[in-house]
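Right, one structure below, let's go through it.
The values are calculated or read from the model by the stated rules, or taken from the named source; none is laboratory data. The structure presented is a predicted model; accordingly, all values stated were derived computationally and were not measured. Positions of Cβ are backbone-derived with ideal geometry, glycine not excepted, and every protein chain shown enters the neighbour counts.
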Amino acid sequence: MALLSLTPFLSLAVFGLLATPAGFLRFRKSKLGLAPFVCILGLAIALVSTIWLGFTNSSPVSFGGFQVDLFTMFFSGVLLIVAIFVTVASLQYMQEDPNKGPFFGLLLLSTLGMIVLAASMDLILLYVGWELMSIPTYALTAFRKNDPNSNEAAMKFFVLSALSSALIVYAISLVFGVTGSTGLTAIASSLSTAGPDVRPFGILAIVLFIVGFGVKMAVVPFHMWIPDAFEGAPITIGAFLAAGAKMAAFAAAFRVFIVGISAFNVDFYSTFAIVAVVTMSVGNVAALMQKSFTRLLAYSSIAQAGYILMALATPFTTTNVPLGLAGGLFHVLNYAILKTAAFVAAAAVATRLSVTNLDSFNGLSRRMPQTSLSIAVIFLGLAGVPPLNGFFSKVMLFTGAIYSPYSWGGYLA
């Protein structure tokens, strides 16, 4: 039974390796080849096994620093749903591209890195998952080799992501030097009794983790790469970065800060609160000034990251109820579905009308009525308008902030 817990991970690994050579095989005169169907099959097996494990496994299953629990199953399910949406949307969007095999293979391997991040209870394994997630996304962002905008976006993304990886490695080394361990449970036990002589190193590690994770989460002021990356990458990969890579980074941050560092007697919660307020404000204001639909979605995703960051700022109420944390996880689910749907709608418009400029969306309700209605509903959901799902997750986040043990919780809400 324990080995069955690895089914989602093994499925993505095996089919990820098979997808690229499958790109050379074709159905009669089909332009798609076998690669997308191999990708969908691998994702479907992983999602079905994740759902089954979520309902049948009542206790966590650990393999050293690799832990399959409800948190892992939740994020795995969300990330696999996003990957399936992106894959299906890419069937039409990438139909004329000759490199479909590598495209879908990289998509699967990056998804594997994301769910490894969610399962990591050891900082070394977390870093392995981080790199396994990141490296394929560099190639996916630059997939349009002849497009200078795509190459520029990929280079910005690569440089900043490499910097974030370096900072995370430095933070891991500091934590290991302070605690003598890379396991999150052992780190929490050691930090709870840490003396004043190691406190400066612990604080520096926290700062480095915040910056390192912040680049991938695209929180202000580490967000500058994301509008160019979303505009230069294939639109469906923009969805993968916004709803996949970003949510995986939040999964890693939840593991590190809630499980590992929360026992350290340092107030990093107020830092998250300040970053959350700035991120929400900058993202929403900047989105209003955009002329490109994909850049608007990019700044909207920055703002939504600020809302999820509230869960790290106020995870528990005064009675130790994890209301803010639950609200953050609920908003992760809502955001992932809505943002992926928004990018899929943008891909549909770009495929049919070959436009991404907002001025060209005038009269979209006459040309593509179902798509325009979907975009309206998606944006209302992201804005938190009742009775759509985005409203309820934001209510949980704001209620958690109000009833948090911090005096500034009400101001954050």
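Being in a helix (DSSP H, G or I), under 26 Å from Ile308 (Cα atoms) and free of Cβ contacts under 8 Å to residues at least 12 places away in the same chain, is that true of even one residue in the range 355-365?
No, the range 355-365 contains no residue that is in a helix (DSSP H, G or I), under 26 Å from Ile308 (Cα atoms) and free of Cβ contacts under 8 Å to residues at least 12 places away in the same chain.
Taking only the range 180-228 into account, find how many residues are within 21 Å of Thr141 (Cα to Cα) and either touching a Lys or Arg at 6+ places or on another chain (Cβ under 7 Å) or among the hydroxyl-bearing types (Ser, Thr, Tyr) (or both).
Count: 6.
Scan the range 280-295 and tell me whether some residue there is under 20 Å from Val82 (Cβ atoms) and over 18 Å from the mean Cα position of the chain (by Cα).
yes
Mind checking which residues of the range 337-379 are polar (S, T, N, Q) and under 16 Å from Lys291 (Cα atoms)?
Ser354, Thr356, Asn357, Ser360, Asn362
Considering every residue within the range 232-252, establish whether at least one is farther than 30 Å from Val198 by Cα, outside any helix (DSSP H, G or I) and modelled with pLDDT under 85.
yes
How about the range 373-384: which of its residues are surrounded by 17 or more Cβ atoms within 10 Å (Cβ to Cβ) and free of Cβ contacts under 8 Å to residues at least 12 places away in the same chain?
Gly384
Which numbered condition in (1) crowded, with 24+ Cβ neighbours inside 10 Å; (2) in contact with a Leu (Cβ under 8 Å, 6 or more places away or on another chain) is the only one that Ile235 fails?
(2)
Considering only the range 33-68, state which residues are under 19 Å from Gly183 (Cα atoms), touching a residue at least 40 places away in the same chain (Cβ under 8 Å) and not in a strand (DSSP E or B).
Of everything in the range 33-68, those that are under 19 Å from Gly183 (Cα atoms), touching a residue at least 40 places away in the same chain (Cβ under 8 Å) and not in a strand (DSSP E or B) turn out to be Gly64, Gly65.
Kindly provide the set of residues from the range 142-168 that are under 24 Å from Phe209 (Cβ atoms) and crowded, with 17+ Cβ neighbours inside 10 Å, ordered by number.
Selection gives Lys156, Phe157, Phe158, Leu160, Ser161, Ser164, Ser165, Leu167, Ile168.
For residues that are assigned to a helix (DSSP H, G or I) and of a type outside the set (Lys, Arg), scanning just the range 196-206, find the one that is farthest from Lys216 (Cα to Cα).
Result: Pro200.
When Ala263 is evaluated against the numbered criteria (1) part of a helix (DSSP H, G or I); (2) within 24 Å of Tyr127 (Cα to Cα); (3) not aromatic (Phe, Trp, Tyr), which criterion, by number, is the only one it fails?
Ala263 satisfies every listed condition except (1).
Do the conditions hold for Ile84, that is, is it over 15 Å from Leu112 (Cβ atoms), modelled with pLDDT of 85 or more and part of a helix (DSSP H, G or I)?
Here the answer is no, as Ile84 does not meet what is asked.
Working carefully through the options Thr317, Thr340, find the one that is outside any helix (DSSP H, G or I), crowded, with 18+ Cβ neighbours inside 10 Å and polar (S, T, N, Q).
Step by step, each of Thr317, Thr340 is checked, and only Thr317 is outside any helix (DSSP H, G or I), crowded, with 18+ Cβ neighbours inside 10 Å and polar (S, T, N, Q).
What single numbered condition from (1) within 13 Å of Leu312 (Cα to Cα); (2) touching a residue at least 24 places away in the same chain (Cβ under 8 Å) fails to hold for Pro234?
It is condition (1) that Pro234 fails.
Give the residue that is surrounded by the most Cβ atoms within 10 Å (Cβ to Cβ), with candidates limited to residues of the range 396-413 that are in a helix (DSSP H, G or I) and without any contact (Cβ under 8 Å) to a residue 12 or more places away in the chain.
Ile402
Within the range 48-97, work out how many residues are of a type in the set (Phe, Trp, Tyr) and either in contact with a strand residue (DSSP E or B) (Cβ under 6 Å, 6 or more places away or on another chain) or under 17 Å from Leu140 (Cβ atoms) (or both).
So the count comes out to 2.
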